Amino acid sequence: MSDEWRVPSNDEADDWPETPGVDVGVPSVARVYDAVLGGKDHFAVDRAIADKAMAAMPNARVGAGLNRAILERGVRYMAECGIDQFLDLGSGLPTVRNTHEVAQEHNPEARVVYVDNDPIVLAHGRALLAENDRTRVVTADVRDARGVLSRPEVVELLDLKRPVGLLLVAVLHHLADEDDPAGLVRAYRTALAPGSFVFITHFSDATPEGRELERLFLSTLGSGRFRSRETVESFFEGTELVDPGVVFLPRWRPDAPVTDDSAYAGLTMIGGLGRVPDA
Ligand SMILES: C[S@@+](CC[C@H](N)C(=O)[O-])C[C@H]1O[C@@H](n2cnc3c(N)ncnc32)[C@H](O)[C@@H]1O
């Protein structure tokens with residue numbers, strides 16, 4: 001691998017050689033999220049925002065971990081329903097228990113296309129590509145549904161005539177109301193075969209801490225909208241919501257009893273899974 005594309009690790013991200021499209025002086029959603037999760041692939045400018053978020057909500061890291069945990073439960077649920085191809089929109093930097101790892105644990109033939117508009121995700125994704133010919137990483141804006149769905153990597157790896165697991169995990173809140181997130185989900189959903197799933201997690205406006213985080217994220221990152229349960233439920237239009245519907249993340253089909261700490265941190269986000277009905 002050339003030095004230009006070398007993936008930073010440990011504490012070296014700040015010294016990372018210049019990468020096309022990556023500005024170390026401008027914060028990125030993917031890198032701030034990595035910092036909140038406790039990862040190592042972010043710069044000082046990202047860490048500063050993550051620190052402020054953790055000051056506003058001391059267990060924000062637990063909250064981010066709960067989002068990764070529901071991602072795993074959701075992918076596992078879909079895989080157990082027979083889904084063997086996934087389109088992960090706004091996939092973020094690789095971290096623990098990525099979609100392809102969970103899906104391929106259930107079915108080694110499962111295919112996954114990751115899409116993110118941050119070029120750093122592709123730079124890191126190359127390491128994934130090297131080890132897995134059933135995984136692709138695409139740099140694209142998820143707001144362009146038609147463009148994403150016609151990308152060669154998507155068309156070559158996924159068969160859209162068969163059911164797909166569509167992931168919009170912690171990404172729709174980075175879209176403004178003017179971007180029409182409901183219309184965007186509809187554009188993807190109508191392109192999916194019956195039996196497909198739409199999996200969404202989203203910042204919740206239910207708590208004062210959430211509303212403070214919204215102010216912080218909008219003023220520093222320019223995105224991060226905390227929406228109501230009714231609004232997030234509306235994104236599932238045209239699907240049958242899997243039990244228990246749109247709920248705080250720790251309440252969605254938990255593997256283990258919900259603790260006080262996770263119950264509190266889990267108020268930051270809500271999520272659910274909808275199935276595209278048979279024709
Ligand atoms: C909070 S991270 C979520 C990562 C992962 N889905 C998860 O839940 O762990 C949000 C990701 O969405 C990406 N993103 C935000 N807006 C996007 C857009 N318009 N198109 C593509 N990716 C976008 C960011 O770059 C970031 O990596």
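FYI, it's all coordinate maths here, none of it is from the lab. Please read all numbers here as calculations on a predicted model, not as lab measurements. Reconstructed Cβ throughout: ideal geometry from the backbone, glycine too, with neighbour counts over all protein chains shown.
The order of the peptides 36-47, 145-156 by mean Cβ neighbours within 10 Å, most packed first, is 36-47, 145-156. Among DSSP beta bridges whose residues both lie in segment 60-275, state the antiparallel percentage, nearest 5. Given both bridge residues lie in segment 60-275, the antiparallel proportion sits at roughly 35 percent. Please build a GNM for the chain, connecting alpha carbons under 10 Å apart, and tell me which residue among Pro254, Pro119, Pro27 fluctuates the most. Looking only at Pro254, Pro119, Pro27, the biggest GNM fluctuation is shown by Pro254.
Note on Asp260 and Glu230: the extension gain reaches 8.3 nm, defined as 0.36 nm multiplied by sequence separation minus the Cα-Cα distance.
Descending by average beta-carbon neighbour count within 10 Å, the peptides 100-112, 175-187 line up as 100-112, 175-187, the highest first. Please list the helices of the chain that count as membrane-span-like by this rule: a mean Kyte-Doolittle hydropathy of at least 1.6 together with Cα atoms stretching 20 Å or more along the helix axis, each helix being a complete DSSP H run. Long hydrophobic helices here: none detected.
The GluC sites (Glu not before Pro) of segment 211-279 that meet both conditions, a loop assignment by DSSP and at most 15 other Cβ atoms within 10 Å of the site Cβ, are Glu237.
Placing +1 on the Cβ of every Lys and Arg and -1 on the Cβ of every Asp and Glu, with no other charges, gives the chain a dipole of roughly 600 debye about its Cα centre.
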